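Working notes, beginning with the structure itself.
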Amino acid sequence: MPASAIIAEHSEIIRKGMVQLLESSGLFAIVRETPCSASLYDQVRRHQPDILFVNPAMIDGAFRDKLKKTQELQTRLAAIVYSLHDESTLKVFDEVILVNDSRAKILRKLNALMKEKAQEPANTDLSLTAREVDVLKLLVKGMSNKEISSGLFISTHTVMTHRKNITQKLNIKSVAGLTVYAMLNSLISLEELD
Amino acid sequence: MKESIITGSMKMAALVAADPRSMVLITRFGIDLGFGDKTIKQICQEKNIQTDFFLLMVNIFLSSTFFPNQKLKNVDVKLLLTYLANSHEYYIREKIPLIQAMFGNYLGRMDHPAKPQLQTFFDEYIQEVIEHIEYEEQVAFPYVSNLLASSEGVAVNDGRESYGIRIFEERHTNIEDKLSDLKNLLIKYLPPSSDRFLRIRIINELFDLEQDLGNHARLEDQVLIPLVEQMEKQLNP
């Protein structure tokens, strides 16, 4: 199955060139191509492509962090480079495609990149979501599932799901253990516990 | 080596070399180190230990996949109770005080707002282990002893008939969860400190305790409880 890709690039010649090159390789299906960066973030969120080809001038370093935080997204970032960029700018990218790279070289780079991605375990992000943190805070204050459910306006079933995920992510099962975790990570203060 | 089955013709020293955990195990049978080149069978005969029973315990402890089958009916419940009681003694007098001292030492030098919670968590865990052991010593084991006496024809009536051995089983998981939590807190979540080697030693001790308690529980669940159930059925068909 071809990997899904979004291409964001101001220059039409370069953008169309990339589209043609990628599609003809049979390795990529282009789900979106865009000349502007305005709605790029939303488009990536909506389509969740395997890879985003983007001109580094169109995104900033926070872009990638924002992506990582808002979804358990596995989108790879590849830079399309034809002008001079700061080294720190390029650091956020998983791969860099130079405009004068040969077709073979580009495909070799992308093949390696996609293989690397496939080997990664599906869910590497073990940090808690904001909602899970909410549940954890109430839990370590000694609240029952029912109390948490009415406190957060969610069903008890949802509370249980959050609890299950918290335990799985942190590998801590007991409430007493979770309390220590919450304290160690300053999620809750001593005053709140009493 | 760990997965192979230990036999009576093996030298006791070879057993220890194969798996050092067996050192603690053999002390529960009253066997001390310094046995030269004697085989397991020789030592068992000298010490009046049923060799089969000794081998059963060793194999259960050293192989997590070993499951006793036909040998079960040959197990002497009295010996088993003695063995379990000796294990309890070891936890209470040796293992727990050692871990408590190390942990106390570690926390004493730690400076973090979460310190009291960590101490409480640890204390509660230790307390639960001790309570669990006391429960077995004071309620479960006497019940089994009484049952044993009844099955040998000694009439015992102390009003405990309604109490069945099933009550044994449900109590192990809670303790296991907390121990696993304690380990993970020390491994993953406690901030780095200068006492790194003390921390490693504590974690090693916790792994050791976890394994030992796990085997202990397996012994109760897979050997003692099935045996007692048989006795219960024979007495109240």
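The values are calculated or read from the model by the stated rules, or taken from the named source; none is laboratory data. Treat the numbers as computed from the prediction; the structure is a model and nothing was measured. Glycine also receives a Cβ, built like all others from the backbone with ideal geometry; neighbour counts cover every protein chain displayed. Calculation scope for accessible area: heavy atoms of the full protein, side chains included, ligands and nucleic acids excluded. Shrake-Rupley method; radii C 1.70, N 1.55, O 1.52, S 1.80 Å.
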Exercise for the section: For B:Asp76, indicate whether it is of a type in the set (D, E, K, R), within 23 Å of B:Glu229 (Cβ to Cβ) and modelled with pLDDT under 90. Expected result: yes
Exercise for the section: Using the structure shown, decide if A:Val175 is touching a Leu at 6+ places or on another chain (Cβ under 8 Å), touching a residue at least 24 places away in the same chain (Cβ under 8 Å) and within 14 Å of chain B (Cβ to nearest Cβ). Expected result: yes
Practice task
Exactly one condition in (1) away from chain B (no Cβ under 14 Å); (2) open to solvent by 60 Å² or more (accessible area, probe 1.4 Å) is not met by A:Ser186; state its number.
Solution key: (1)
Practice task
Could you tell me which residue of region B:110-125 is farthest from the other protein chains (Cβ to nearest Cβ), considering only residues that are buried (at least 17 other Cβ atoms within 10 Å of the Cβ) and closer than 16 Å to A:Ala182 by Cα?
Solution key: B:Phe122
Handout entry: Residue among A:Ile80, A:Ile30 that is open to solvent by 20 Å² or more (accessible area, probe 1.4 Å), part of a strand (DSSP E or B), of a type in the set (Val, Ile, Thr) and in contact with a Leu (Cβ under 9 Å, 6 or more places away or on another chain)
Key = A:Ile30
Problem - The lone exception for A:Lys169 - which of (1) in contact (Cβ under 8 Å) with a residue 40 or more places away in the chain; (2) assigned to a loop (DSSP other than H, G, I, E, B) it fails - result: (2)
Fill in the blank from the handout: Within region B:143-153, residues open to solvent by less than 40 Å² (accessible area, probe 1.4 Å) and either modelled with pLDDT of 85 or more or in a loop (DSSP other than H, G, I, E, B) (or both) come out as B:Tyr143, B:Val144, B:Leu147, B:Leu148, B:Ala149
Handout entry: Within region A:147-183, tally of residues that are open to solvent by 60 Å² or more (accessible area, probe 1.4 Å), within 26 Å of B:Glu128 (Cα to Cα) and among the polar types (S, T, N, Q)
Key = 2
